[in-house]
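Visitor: Below is one structure. I have some questions about it.
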Amino acid sequence: MEASGTDSEGREFKNAADMWREELGEGGDDGVKKTQWYSHGVGYWQGVEASVDGVLGGYGHVNDADIKCSEPFLKALMAERLSGADKDRHLVALDCGSGIGRVTKNLLIRHFNEVDLLEPVSHFLEAARESLAPENHTAADNHRASNFYCIPLQEFTPEVGRYDVIWIQWCIGHLADDDFISFFKRAKDLCWTKRIGVLPGRICTSRSSLISAGCISINRRTKEDSPMNYLL
């Protein structure tokens with residue numbers, strides 16, 4: 001049974017296809033509408049303060065809980081990568097939708113020798129660059145933020161063989177379905193794609209979808225025909 005949904009302005013859609021027709025045009029291939037979808041999303045975040053409270057949409061108080069829950073998840077995910085002969089390997093992560101470097105600074109840089117940050121909002125990325133300068137974080141000397149890419153997720157192709165983990169949280173909700181699938185296809189050489197674990201707690205499991213008209217993002221339900229299950 002198809003599930004209906006609403007957006008944050010109260011508009012109702014009978015199913016996901018109905019919503020995408022409204023947002024992206026028939027077949028989802030209206031280039032103008034898709035450009036507007038992404039530019040409106042980035043435009044929203046360009047008006048947001050470069051702070052923990054800002055990037056968490058006014059819910060800065062969830063930061064500590066988010067990091068606390070993410071750490072055991074990451075350790076479990078990486079257990080097989082860090083066992084045996086691989087325990088001393090040089091590890092590299094990509095932080096997608098990195099914002100001000102909140103997850104990199106509080107989590108990833110402690111476990112990876114290098115972290116690359118991917119973020120389309122320039123003032124967020126500059127704040128991350130400053131926050132993650134060697135004199136401003138407490139990670140080991142051989143752990144560092146290496147590259148800062150001011151590129152949207154839907155336009156980025158991970159370097160083959162570089163990353164042990166690609167970390168994606170809320171930013172995945174900004175992608176249209178076809179771009180959502182396309183990104184994971186471009187990252188298919190990564191060992192963790194067989195588990196698709198690095199989307200911790202960010203997939204809506206209700207029988208409906210919700211689109212936020214402000215920041216232009218969507219919570220995807222898990223359903224047999226959803227992009228998430230396509231990837232699995």
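Visitor: Which loop chymotrypsin sites (Phe, Trp or Tyr not before Pro) in the stretch 43-119, with loop taken from DSSP, have no more than 11 other Cβ atoms within 10 angstrom of their Cβ? Walk me through the numbers before you get to the answer.
Guide: Details: sites: TYR44, TRP45, TYR59, PHE73, PHE112; in loops: TYR59, PHE112.
The qualifying sites are TYR59.
Visitor: Further question: Accessible surface of ILE151 in the full protein assembly, 1.4 angstrom probe, to the nearest 10 Å²?
Guide: Answer for ILE151: close to 50 Å² accessible.
Visitor: Here's something else I'd like to know. So how strong a dipole does the stretch 53-189 carry about its Cα centre when Lys and Arg Cβ are +1 and Asp and Glu Cβ are -1, to the nearest 20 debye?
Guide: Details: 14 positive and 22 negative charges, 67 e Å.
The dipole of the stretch 53-189 has a size of about 320 debye.
Visitor: If you don't mind, there's one more thing I want to ask. Heavy atoms only, probe 1.4 angstrom, no DNA, RNA or ligands counted: give me ARG186, ARG21, ARG144, ARG102 ranked by accessible area, highest first. Mind showing how you got there, number by number?
Guide: On the way: ARG186 60, ARG21 90, ARG144 120, ARG102 20 Å².
Putting ARG186, ARG21, ARG144, ARG102 in descending order of accessible area: ARG144, ARG21, ARG186, ARG102.
Visitor: Another one. First check a/c for the stretch 53-189, with a ≥ b ≥ c the square roots of the eigenvalues of its C-alpha gyration tensor; if it is under 1.5, answer rounded, and if not, answer prolate when a/b is larger than b/c or oblate otherwise.
Guide: On the way: a/c = 1.41, a/b = 1.08, b/c = 1.30.
It comes out rounded by the Cα gyration axes.
Visitor: Output ³J(HN,Hα) for the stretch 36-46: one whole-Hz value per residue in order, computed from phi by the Karplus curve 6.51 cos²θ - 1.76 cosθ + 1.60 with θ = phi - 60°, and x for Gly and Pro.
Guide: Karplus values, whole Hz, x for Gly and Pro: 5, 3, 6, 5, 5, x, 5, x, 4, 6, 5.
Visitor: Within the stretch 84-128, what residues put their amide N at less than 14 Å from the label point 7 Å along the Cα-to-Cβ vector of ILE67?
Guide: Taking a point 7 Å out along Cα→Cβ of ILE67, the residues of the stretch 84-128 whose backbone N falls under 14 Å are 100-111.
Visitor: Same structure, new question: Kindly rank 158-164, 6-12 from highest to lowest mean number of other beta carbons found within 10 Å of each residue.
Guide: Values: 158-164: 15.9, 6-12: 12.0.
Order by mean packing, descending: 158-164, 6-12.
Visitor: Follow-up question, since we're still on this one. At 0.36 nm per residue, and after removing the present C-alpha to C-alpha distance, how many nm does the segment from SER146 to ILE181 gain when stretched out fully?
Guide: Details: separation 35, 0.36 × 35 = 12.60 nm, distance 2.68 nm.
Stretched out fully, the SER146 to ILE181 stretch lengthens by 9.9 nm.
The values are calculated or read from the model by the stated rules, or taken from the named source; none is laboratory data. Values in this document were obtained by computation on a predicted structure and should not be read as measured data. Here Cβ is always computed from backbone atoms with ideal geometry, including for glycine, and neighbour counts include all displayed protein chains. Quick note on the areas: whole protein, heavy atoms, side chains included, nothing else; ligands and nucleic acids left out. Shrake-Rupley method; radii C 1.70, N 1.55, O 1.52, S 1.80 Å.
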